[in-house]
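This report concerns only the one structure given below.
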Amino acid sequence: MSDSPPQLPTALIHHPYKPPAGFEAIPPAIHRASTVIFPSVAALRTRDWQHKTGYTYGLHGTPTTFLLEERVATLEGGKFCTLVPSGLAAVVLVGMAFLKAGDELLIPDNAYGPNKAFANGELAAWGITHRFYDPMKPADLAAKLSAKTRLVWLEAPGSITLEFPDLPALVAVVKTHQNVHPQGIVTALDNTWGAGIAFNAFDLGADISAHALTKYPSGGADVLMGSVVTRQKELHHLIHFCHMRVGYGVAGNDAELVLRGLNTIALRYAAQDSATRAVARFIQGQPEVAAVLHPALPGSPGHEVWKRDCTAAACLFSVVFKPELAQAQVDRFCDALKLFKLGYSWAGPMSLCAPYDIAVLRTTPWPYKGGLVRFSVGLEAAEDLQADLAQALAAMHYS
Ligand SMILES: *Cc1c(COP(=O)(O)O)cnc(C)c1O
């Protein structure tokens, strides 16, 4: 064997873990606890709550959640990880850790919808303002940075519409404005799509990665969890201390499901990637379709940047139908699908779809008039999925 470090699939499986003496099993032990008993008053007083050098209370971590934190940090190429009960909680934790009244945050116009809703709701109520920027135009981000900007969200690609932004260019714009806010500007990437596999968030310049472990790391559509990862100790401490104050603990059984999913994440990501490209190319050629949005398809927004920065693509694509097809026909198409079920979330075993009205979701211009449906490809055979799309396209035309 050479001395080169193992590749990610190997590193996730051969990850440091010390089983109980004499019990060298492959899966790690699962610990559940609220109380952690201290041997003495002196131990209780001196146990370090702040730096995770010991166990204090179940809410703040167990051997199981600490292990999962280490593996998620490995997955993403980061150093420090904090687990939270959902992907949305990861987004919210970043906001709460870094923003205070008077600050402003910038959010890509095509960002995950609940990220925008949190800014419009709680953050606005707490005196924190926000603006949306066009992630495909670094100059638009530059124009919107101000002395109040403390946090800039990035997302690659955009939720639903899947435009792939030039992350290094956006980060470079932020770096040139670093000294305006007294505490500097933090960049946080919603890394759910790349999942630590398609690209390395930190090598592309992000300070923080928020990840819905609900999606690929779980892979089972059976658990909700999120993570916040960084390479920078000072940022991690701000995240971790906020996490301690707000009580965002995760359960041992949930951590077990994600630990189990991580063993197969690289295989699943690759399999779903190739099935998604096959199915997306198939529907791209159909007469009802105006556009297929998927960063690996030439002509899709940001395709060239995706090619430069990524080694893979996730299991999502969106179809924009021709404007002469009424929304009722698009709805009929969705209702006619048998294998693609109607529902939210993605990256689980079952293929899913959902219609979206993009015009109401964004402030930047949207070039299409026809209905949009976003698809998530699961682990079924691509040929079966293709046949399902074909029969549903035919059903659009019956009345
Ligand atoms: C699903 C998702 C989230 C939120 O994850 P939950 O675990 O469902 O809260 C955040 N960002 C993106 C891009 C997502 O797809």
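Flag: residue 274 does not match the condition of being within 16 Å of the ligand (Cβ to nearest atom) and over 30 Å from residue 365 (Cα atoms).
Entry remark, region 131-147: residues being in contact with a Leu (Cβ under 6 Å, 6 or more places away or on another chain), in a strand (DSSP E or B) and either charged (D, E, K, R) or open to solvent by 40 Å² or more (accessible area, probe 1.4 Å) (or both) number 1 in total. If you go through region 356-371 and keep only what is assigned to a loop (DSSP other than H, G, I, E, B) and open to solvent by 20 Å² or more (accessible area, probe 1.4 Å), you end up with 357, 361, 362, 363, 364, 365, 366, 367, 368, 369. Checking each residue in region 50-91 for being open to solvent by 20 Å² or more (accessible area, probe 1.4 Å) and within 13 Å of the ligand (Cβ to nearest atom) picks out 85, 86, 88. Look at (1) under 30 Å from residue 147 (Cβ atoms); (2) outside the structural domain of residue 233 (by TED's automatic domain parsing) and you find that residue 33 fails only one, number (1).
Would you be able to say whether some residue in region 157-168 is touching a residue at least 40 places away in the same chain (Cβ under 8 Å) and under 24 Å from residue 100 (Cα atoms)? No, that holds for no residue. I'm checking my understanding of the structure. Among residues of region 343-355 that are of a type outside the set (A, V, I, L, M, F, W, C) and away from the ligand (no atom under 13 Å from the Cβ), which one is least open to solvent (accessible area, probe 1.4 Å)? Of everything passing the filter in region 343-355, 351 is least open to solvent (accessible area, probe 1.4 Å). The residues listed here are 40, 34; of these, the one that is over 25 Å from residue 254 (Cβ atoms) and open to solvent by less than 90 Å² (accessible area, probe 1.4 Å) is 40.
Scan region 283-293 residue by residue and report those that are part of a helix (DSSP H, G or I) and open to solvent by less than 50 Å² (accessible area, probe 1.4 Å).
Result: 283, single match.
Taken together, 107, 128 contain a single residue that is open to solvent by less than 20 Å² (accessible area, probe 1.4 Å) and closer than 22 Å to residue 306 by Cα, which is 107. Within region 373-389, is there a residue that is at positive phi and surrounded by 21 or more Cβ atoms within 10 Å (Cβ to Cβ)? Taking every residue of region 373-389 in turn, none turns out to be at positive phi and surrounded by 21 or more Cβ atoms within 10 Å (Cβ to Cβ). Screening residue 304 with (1) under 27 Å from residue 71 (Cα atoms); (2) surrounded by fewer than 16 Cβ atoms within 10 Å (Cβ to Cβ); (3) acidic (Asp, Glu) gives one miss only, at (1).
Which residue out of 156, 139, 124, 143 is touching a Phe, Trp or Tyr at 6+ places or on another chain (Cβ under 9 Å) and more than 16 Å from the ligand (Cβ to nearest atom)? Spell out how you get there, then give the answer.
Values: 156 fails: more than 16 Å from the ligand (Cβ to nearest atom); 139 fails: touching a Phe, Trp or Tyr at 6+ places or on another chain (Cβ under 9 Å); 124 fails: touching a Phe, Trp or Tyr at 6+ places or on another chain (Cβ under 9 Å).
The conditions single out 143.
The selection criterion, being within 11 Å of the ligand (Cβ to nearest atom), of a type in the set (A, V, I, L, M, F, W, C) and either under 27 Å from residue 29 (Cα atoms) or in a helix (DSSP H, G or I) (or both), holds for residue 195.
When only residues in region 110-125 that are of a type outside the set (Gly, Ala, Ser) and without any contact (Cβ under 8 Å) to a residue 60 or more places away in the chain count, which is least open to solvent (accessible area, probe 1.4 Å)? If you could, list the steps in order and put the result at the bottom.
Of the residues in region 110-125, the ones of a type outside the set (Gly, Ala, Ser) are 110, 112, 114-116, 118, 120, 122-123.
When the remaining residues are screened for being without any contact (Cβ under 8 Å) to a residue 60 or more places away in the chain, the result is 114, 116, 118, 120, 122-123.
On the way: 114: 46, 116: 18, 118: 21, 120: 96, 122: 92, 123: 3 Å².
Among them, the one singled out is 123.
Part of a helix (DSSP H, G or I), free of Cβ contacts under 8 Å to residues at least 24 places away in the same chain and over 23 Å from the mean Cα position of the chain (by Cα): which single residue out of 42, 25 fits that description?
Numbers: 25 fails: part of a helix (DSSP H, G or I).
From the options 42, 25, the qualifying one is 42.
Look through 214, 276 and report the one residue that is more than 14 Å from residue 69 (Cα to Cα), open to solvent by less than 30 Å² (accessible area, probe 1.4 Å) and assigned by TED's automatic domain parsing to the domain that holds residue 135.
Details: 276 fails: assigned by TED's automatic domain parsing to the domain that holds residue 135.
Going through 214, 276 in turn, the sole match is 214.
The residue that is most open to solvent (accessible area, probe 1.4 Å), counting only those in region 223-253 that are in a helix (DSSP H, G or I) and among the aliphatic types (A, V, I, L, M), is 238. Among all residues of region 382-396, there is at least one that is more than 24 Å from residue 220 (Cβ to Cβ) and outside any helix (DSSP H, G or I). With respect to the conditions (1) in contact with a Ser or Thr (Cβ under 9 Å, 6 or more places away or on another chain); (2) not assigned by TED's automatic domain parsing to the domain that holds residue 63, residue 282 falls short on a single one, namely (1).
Cβ-Cβ distances below 9 Å connect the following pairs, each with a first residue in region 294-305 that is of a type in the set (A, V, I, L, M) and in a loop (DSSP other than H, G, I, E, B), a second residue that is open to solvent by 50 Å² or more (accessible area, probe 1.4 Å) and at pLDDT 95 or above, and a separation of six or more residues or different chains: 296/277; 296/307; 297/277; 297/281; 297/284.
The values are calculated or read from the model by the stated rules, or taken from the named source; none is laboratory data. Given the structure is predicted, the values throughout are model-derived calculations rather than measurements. Cβ atoms come from the backbone with ideal geometry, glycine included; neighbour counts cover every protein chain shown. Note: accessible area is taken over every heavy atom of the protein model, side chains too, but ligands, DNA and RNA are not part of it. Shrake-Rupley method; radii C 1.70, N 1.55, O 1.52, S 1.80 Å.
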